[in-house]
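The values are calculated or read from the model by the stated rules, or taken from the named source; none is laboratory data. Please read these numbers as outputs of a predicted model, since none were measured by experiment. Here the Cβ is made from the backbone with ideal geometry for all residues, glycine too, and neighbour counts use every protein chain on show.
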Amino acid sequence: MELLEIRDLSVGYGKHPRPAVAHVSLQVRQGEVVSIVGESGSGKTTVIRAVMGLLPSGGRVTGGEILFEGSSLLGRTKEELRALRGSRISMIFQDSGAMINPIRRIGDQYVEYIRTHEKLSKKDAFARGVEMLERMRLPDGKNIMNSYPFQLSGGMRQRVGIAMAMTFEPRLLLADEPTSALDVTTQAQIVRQIMELRERWNTSVIIVTHNIGVAAYMADELLVMQHGKVVERGTREDVIQHPADDYTRRLLAAVPQMGGKRYVS
Ligand SMILES: Nc1ncnc2c1ncn2[C@@H]1O[C@H](COP(=O)(O)OP(=O)(O)O)[C@@H](O)[C@H]1O
Ligand SMILES: [Mg+2]
């Protein structure tokens, strides 16, 4: 069975006549990494926000269906979706540090997050947070918990964001441009960290990126979006070696090559 199945999804904003996302379909199996690639404004974020039930105000699903573990997400109440988020489906953003309140310690926010999903004392939740950071190979979890976000580098904040997102071992991780705000070295670390999630927990991942190099490195399956539509899809090899669409060729041409191989930039 597919873990996630999006069928013919269309999403519009306000009274705008052209849908932001039009007739998008995609399937994700357990443990599979699917990447959505496309330039800014192509509708990538809209697709994954629709899955999370977190479209910005004015955004609404105008057609199609989203099935998670075989049942529809679209009919669920706000409370049902809130319970699902974090536990079964998690999301990370370009700068997960940005969703963390800058004037509160990481630990206070992490403890609060854990306690919205599980009845634990503050002390136990703190210990759980430290344990999770260390399982994610972040050194000195306790020190991180006692830090303010601004005391950490962007890469470190992102790694903390991923650790938080994985706390309840969700089946599906939605990653929206998780490496775009980072320098090249840190990008590679984040990419490896996400790849490890599948090895350790068999987590499925949808990774949204405008960088087809990152997508090609990580994904089993690639979808290329342009103007709200899927213009190309296939296995990594298919899309990279034999791009059928001009737009995909242009995205590929923009990726630097090293030793004849496209690399994660
Ligand atoms: N909150 C919003 N209100 C109105 N239009 C929006 C909103 N968010 C996104 N859009 C529009 O939807 C389209 C797709 O945006 P988005 O999903 O953010 O693309 P991407 O993530 O690929 O950059 C764009 O044309 C954008 O202007
Ligand atoms: Mg986006």
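Are there any helices (runs of 4 or more DSSP H) wholly within the stretch 39-125 with 1 or more residues that are away from ligand 2 (no atom under 16 Å from the Cβ), and if so which? Reasoning before the result, please.
Numbers: elements: 44-52, 78-84, 96-99, 106-117.
It comes to 78-84, 96-99, 106-117.
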Selected residue (criterion: surrounded by the most Cβ atoms within 10 Å (Cβ to Cβ)) from residues of the stretch 10-32 that are assigned to a strand (DSSP E or B), more than 11 Å from ligand 1 (Cβ to nearest atom) and free of Cβ contacts under 8 Å to residues at least 60 places away in the same chain: Ser10
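Any idea which of Ser87, Ser72, Ser121 is at pLDDT 95 or above, under 23 Å from Val205 (Cα atoms) and among the small types (Gly, Ala, Ser)?
The unique qualifying residue is Ser72.
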Limited to the stretch 192-209, what total is found for residues that are surrounded by 18 or more Cβ atoms within 10 Å (Cβ to Cβ) and not hydroxyl-bearing (Ser, Thr, Tyr)? 8
The conditions are (1) closer than 12 Å to Gly38 by Cα; (2) within 13 Å of ligand 1 (Cβ to nearest atom), and Glu232 fails exactly one of them. Which is it? (2)
Residue pairs qualifying under the 7 Å Cβ cut-off, at least six apart or on distinct chains, with the first in the stretch 157-177 being without any contact (Cβ under 8 Å) to a residue 60 or more places away in the chain and the second being small (Gly, Ala, Ser), are none
